[in-house]
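A.B. asks: Before we start, here is the structure in question, set down as C-alpha coordinates.
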Amino acid sequence: MNNVIEMTHPLIQHKISRLRDKNTGTAEFRSLVEEIAMLMGYEALKDLPLKDVEVETPIETCLTPVIDGKNLAIVPILRAGLGMVSGIQALVPTAKIGHIGLYRDEETHEPHEYYCKLPKPISERLIVVTDPMLATGGSAVAAVDFIKQYGGTRIKFMSIIAAPEGIKRLQNAHPDVQIYVGHIDRELNENAYICPGLGDAGDRIFGTK
(Lines give C-alpha, C1' and ligand atoms only; values in the text may rest on other atoms or scores of the structure.)
Protein backbone atom coordinates (compact mmCIF):
# COMPACT_ATOMS: atom_id res chain seq x y z
CA MET A 1 0.00 0.00 0.00
CA ASN A 2 2.57 2.52 -1.16
CA ASN A 3 0.05 5.34 -1.46
CA VAL A 4 -1.51 4.74 1.99
CA ILE A 5 -0.08 6.59 5.00
CA GLU A 6 -1.41 5.39 8.35
CA MET A 7 -0.72 7.85 11.15
CA THR A 8 1.12 6.44 14.16
CA HIS A 9 1.58 9.61 16.20
CA PRO A 10 0.59 9.01 19.85
CA LEU A 11 -1.55 12.16 19.99
CA ILE A 12 -3.61 11.03 16.99
CA GLN A 13 -4.07 7.54 18.38
CA HIS A 14 -5.09 8.87 21.79
CA LYS A 15 -7.66 11.22 20.28
CA ILE A 16 -9.09 8.47 18.06
CA SER A 17 -9.61 6.35 21.17
CA ARG A 18 -11.64 9.19 22.67
CA LEU A 19 -13.72 9.35 19.48
CA ARG A 20 -14.51 5.64 19.73
CA ASP A 21 -15.94 5.94 23.25
CA LYS A 22 -19.74 5.99 23.01
CA ASN A 23 -19.83 8.24 26.07
CA THR A 24 -17.90 11.04 24.36
CA GLY A 25 -20.36 13.91 23.90
CA THR A 26 -21.02 15.98 20.80
CA ALA A 27 -18.91 19.01 21.74
CA GLU A 28 -15.86 16.94 22.64
CA PHE A 29 -16.32 14.69 19.61
CA ARG A 30 -16.42 17.70 17.27
CA SER A 31 -13.32 19.21 18.85
CA LEU A 32 -11.44 15.93 18.61
CA VAL A 33 -12.26 15.60 14.91
CA GLU A 34 -10.89 19.11 14.30
CA GLU A 35 -7.74 18.40 16.31
CA ILE A 36 -7.08 15.10 14.54
CA ALA A 37 -7.59 16.74 11.16
CA MET A 38 -5.03 19.41 12.05
CA LEU A 39 -2.49 16.82 13.17
CA MET A 40 -3.07 14.75 10.04
CA GLY A 41 -2.89 17.86 7.88
CA TYR A 42 0.56 18.63 9.23
CA GLU A 43 1.75 15.38 7.66
CA ALA A 44 -0.40 15.44 4.52
CA LEU A 45 0.71 18.96 3.55
CA LYS A 46 4.43 18.48 4.06
CA ASP A 47 5.00 18.61 0.29
CA LEU A 48 3.33 21.99 -0.31
CA PRO A 49 5.53 24.00 -2.69
CA LEU A 50 7.54 26.91 -1.31
CA LYS A 51 9.05 30.06 -2.74
CA ASP A 52 11.48 32.57 -1.23
CA VAL A 53 10.30 36.09 -0.47
CA GLU A 54 12.18 39.06 0.88
CA VAL A 55 11.36 39.94 4.50
CA GLU A 56 12.79 42.67 6.68
CA THR A 57 13.48 41.38 10.18
CA PRO A 58 14.34 43.67 13.13
CA ILE A 59 17.98 42.91 12.30
CA GLU A 60 18.27 42.76 8.50
CA THR A 61 16.60 41.89 5.20
CA CYS A 62 16.58 38.22 4.22
CA LEU A 63 15.05 35.72 1.83
CA THR A 64 12.75 33.29 3.61
CA PRO A 65 10.31 30.59 2.37
CA VAL A 66 6.52 30.91 2.20
CA ILE A 67 3.87 28.68 0.64
CA ASP A 68 3.91 29.24 -3.11
CA GLY A 69 0.55 30.68 -4.09
CA LYS A 70 -2.98 30.17 -2.79
CA ASN A 71 -3.28 26.79 -4.42
CA LEU A 72 -4.90 24.52 -1.83
CA ALA A 73 -8.51 23.35 -1.93
CA ILE A 74 -10.21 21.46 0.89
CA VAL A 75 -13.19 19.45 -0.34
CA PRO A 76 -15.28 17.78 2.38
CA ILE A 77 -17.73 15.03 1.52
CA LEU A 78 -20.97 16.24 3.07
CA ARG A 79 -21.84 16.15 5.73
CA ALA A 80 -19.34 14.47 8.06
CA GLY A 81 -16.35 15.74 6.09
CA LEU A 82 -17.23 19.27 7.21
CA GLY A 83 -16.02 18.39 10.68
CA MET A 84 -12.43 18.13 9.44
CA VAL A 85 -12.29 21.39 7.46
CA SER A 86 -11.52 23.87 10.24
CA GLY A 87 -8.60 21.78 11.48
CA ILE A 88 -6.89 21.87 8.09
CA GLN A 89 -7.88 25.46 7.40
CA ALA A 90 -6.20 26.49 10.66
CA LEU A 91 -2.93 25.39 9.04
CA VAL A 92 -3.60 27.09 5.69
CA PRO A 93 -6.16 29.91 6.16
CA THR A 94 -5.97 30.87 2.47
CA ALA A 95 -7.29 27.48 1.34
CA LYS A 96 -10.46 27.53 -0.74
CA ILE A 97 -13.34 25.26 0.29
CA GLY A 98 -15.40 23.11 -2.08
CA HIS A 99 -18.27 20.76 -1.23
CA ILE A 100 -19.42 17.40 -2.54
CA GLY A 101 -22.79 16.11 -1.34
CA LEU A 102 -23.35 12.36 -1.40
CA TYR A 103 -25.83 10.12 0.35
CA ARG A 104 -25.64 6.36 0.75
CA ASP A 105 -28.45 4.10 -0.42
CA GLU A 106 -29.54 2.12 2.62
CA GLU A 107 -29.99 -1.09 0.62
CA THR A 108 -27.13 -1.06 -1.88
CA HIS A 109 -24.76 1.09 0.24
CA GLU A 110 -23.79 2.89 -2.98
CA PRO A 111 -23.38 6.70 -3.08
CA HIS A 112 -25.59 9.15 -4.95
CA GLU A 113 -24.62 12.77 -5.69
CA TYR A 114 -26.86 15.67 -4.75
CA TYR A 115 -24.39 18.58 -4.74
CA CYS A 116 -20.96 19.44 -6.15
CA LYS A 117 -19.29 22.85 -6.10
CA LEU A 118 -15.52 23.24 -6.43
CA PRO A 119 -13.15 26.22 -6.36
CA LYS A 120 -11.99 27.41 -9.77
CA PRO A 121 -9.68 26.69 -11.42
CA ILE A 122 -9.62 23.32 -9.66
CA SER A 123 -6.99 22.03 -12.11
CA GLU A 124 -4.36 24.34 -10.59
CA ARG A 125 -4.92 23.31 -6.97
CA LEU A 126 -3.75 20.63 -4.60
CA ILE A 127 -7.02 19.08 -3.39
CA VAL A 128 -7.55 17.49 0.01
CA VAL A 129 -10.78 15.48 0.19
CA THR A 130 -12.01 14.90 3.75
CA ASP A 131 -14.33 12.29 5.22
CA PRO A 132 -13.85 11.00 8.79
CA MET A 133 -14.74 7.44 7.73
CA LEU A 134 -13.60 5.45 4.70
CA ALA A 135 -15.97 2.47 4.86
CA THR A 136 -17.00 0.82 1.58
CA GLY A 137 -15.05 3.38 -0.40
CA GLY A 138 -18.03 4.18 -2.60
CA SER A 139 -18.34 7.82 -1.55
CA ALA A 140 -14.59 8.37 -1.74
CA VAL A 141 -14.37 6.95 -5.26
CA ALA A 142 -17.39 8.97 -6.39
CA ALA A 143 -15.99 12.20 -4.92
CA VAL A 144 -12.64 11.74 -6.64
CA ASP A 145 -14.48 10.87 -9.87
CA PHE A 146 -16.32 14.20 -9.74
CA ILE A 147 -13.17 16.17 -8.99
CA LYS A 148 -11.32 14.59 -11.89
CA GLN A 149 -14.27 15.27 -14.20
CA TYR A 150 -13.91 18.96 -13.34
CA GLY A 151 -10.18 18.85 -14.07
CA GLY A 152 -8.59 18.12 -10.69
CA THR A 153 -5.38 16.10 -10.88
CA ARG A 154 -3.45 16.50 -7.61
CA ILE A 155 -5.67 14.84 -5.01
CA LYS A 156 -5.14 13.60 -1.46
CA PHE A 157 -7.80 11.79 0.56
CA MET A 158 -7.89 12.16 4.34
CA SER A 159 -9.91 9.94 6.69
CA ILE A 160 -9.71 9.41 10.44
CA ILE A 161 -10.56 5.70 10.37
CA ALA A 162 -10.78 3.33 7.42
CA ALA A 163 -11.78 -0.23 6.64
CA PRO A 164 -9.44 -2.36 4.51
CA GLU A 165 -12.28 -2.83 2.01
CA GLY A 166 -12.63 0.92 1.49
CA ILE A 167 -8.91 1.47 1.10
CA LYS A 168 -8.68 -1.29 -1.51
CA ARG A 169 -11.62 0.08 -3.50
CA LEU A 170 -10.22 3.62 -3.53
CA GLN A 171 -6.77 2.36 -4.46
CA ASN A 172 -8.10 0.25 -7.32
CA ALA A 173 -10.20 3.10 -8.73
CA HIS A 174 -7.66 5.90 -8.19
CA PRO A 175 -4.13 4.58 -7.65
CA ASP A 176 -2.73 8.11 -8.09
CA VAL A 177 -4.49 9.45 -4.97
CA GLN A 178 -2.53 9.57 -1.73
CA ILE A 179 -4.60 8.21 1.17
CA TYR A 180 -3.99 9.45 4.73
CA VAL A 181 -5.75 7.57 7.55
CA GLY A 182 -5.58 7.88 11.30
CA HIS A 183 -6.22 4.17 11.85
CA ILE A 184 -7.04 1.15 9.71
CA ASP A 185 -9.78 -0.82 11.46
CA ARG A 186 -10.55 -4.53 11.22
CA GLU A 187 -13.42 -4.85 8.75
CA LEU A 188 -16.91 -3.86 7.65
CA ASN A 189 -19.91 -5.60 9.15
CA GLU A 190 -22.98 -6.80 7.24
CA ASN A 191 -24.44 -3.27 7.36
CA ALA A 192 -21.25 -1.75 5.90
CA TYR A 193 -20.24 -0.10 9.20
CA ILE A 194 -16.58 -0.03 10.18
CA CYS A 195 -15.67 -2.34 13.09
CA PRO A 196 -14.78 -1.46 15.79
CA GLY A 197 -15.37 2.00 14.34
CA LEU A 198 -16.92 4.94 16.15
CA GLY A 199 -20.55 4.88 15.05
CA ASP A 200 -21.99 7.40 12.60
CA ALA A 201 -19.47 10.25 12.43
CA GLY A 202 -21.97 12.75 11.00
CA ASP A 203 -24.51 12.09 13.74
CA ARG A 204 -21.88 12.39 16.44
CA ILE A 205 -20.35 15.58 15.02
CA PHE A 206 -23.68 17.37 14.61
CA GLY A 207 -25.63 15.82 17.49
CA THR A 208 -28.27 14.09 15.38
CA LYS A 209 -29.62 10.53 15.50
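The values are calculated or read from the model by the stated rules, or taken from the named source; none is laboratory data. The model shown is predicted, which means the values in this text are computed figures rather than measured ones. Every residue, glycine among them, receives a Cβ derived from its backbone with ideal geometry; neighbour counts consider all protein chains shown. Accessible surface is based on the protein model in full, side chains and every heavy atom, while ligands, DNA and RNA are left aside. Shrake-Rupley method; radii C 1.70, N 1.55, O 1.52, S 1.80 Å.
A.B. asks: Restricting attention to the stretch 149-159, report how many residues are within 30 Å of Thr8 (Cα to Cα) and either assigned to a loop (DSSP other than H, G, I, E, B) or without any contact (Cβ under 8 Å) to a residue 40 or more places away in the chain (or both).
C.D. replies: 6
A.B. asks: Output the number of residues of the stretch 21-37 satisfying the condition of being buried (at least 16 other Cβ atoms within 10 Å of the Cβ), in contact with a Leu (Cβ under 9 Å, 6 or more places away or on another chain) and acidic (Asp, Glu).
C.D. replies: Residues that pass the stated criteria total 1.
A.B. asks: Given the residues Tyr193, Tyr180, which is the only one that is in contact (Cβ under 8 Å) with a residue 12 or more places away in the chain and under 18 Å from Gln13 (Cβ atoms)?
C.D. replies: Tyr180
A.B. asks: Also, I was wondering about something else. Could you look through the stretch 147-180, keep only residues that are small (Gly, Ala, Ser) and farther than 20 Å from Gly202 by Cα, and pick out the one that is most open to solvent (accessible area, probe 1.4 Å)?
C.D. replies: Ala173
A.B. asks: Sticking with this one: Could you please give the count of residues in the stretch 41-89 that are under 16 Å from Leu126 (Cα atoms), of a type in the set (A, V, I, L, M, F, W, C) and assigned to a helix (DSSP H, G or I)?
C.D. replies: Selection size over the stretch 41-89: 3.
A.B. asks: Please specify each residue of the stretch 1-20 satisfying the condition of being open to solvent by less than 80 Å² (accessible area, probe 1.4 Å) and assigned to a loop (DSSP other than H, G, I, E, B).
C.D. replies: Asn3, Met7
A.B. asks: Is one or more of the residues making up the stretch 162-177 in contact with a Leu (Cβ under 7 Å, 6 or more places away or on another chain) and acidic (Asp, Glu)?
C.D. replies: Yes.
A.B. asks: Would you check if there is a residue in the stretch 138-146 being open to solvent by less than 60 Å² (accessible area, probe 1.4 Å) and of a type in the set (Phe, Trp, Tyr)?
C.D. replies: Yes: one or more hits.
A.B. asks: Which residues, counting only those in the stretch 181-205, are surrounded by fewer than 15 Cβ atoms within 10 Å (Cβ to Cβ) and hydrophobic (A, V, I, L, M, F, W, C)?
C.D. replies: The answer is Cys195, and nothing else.
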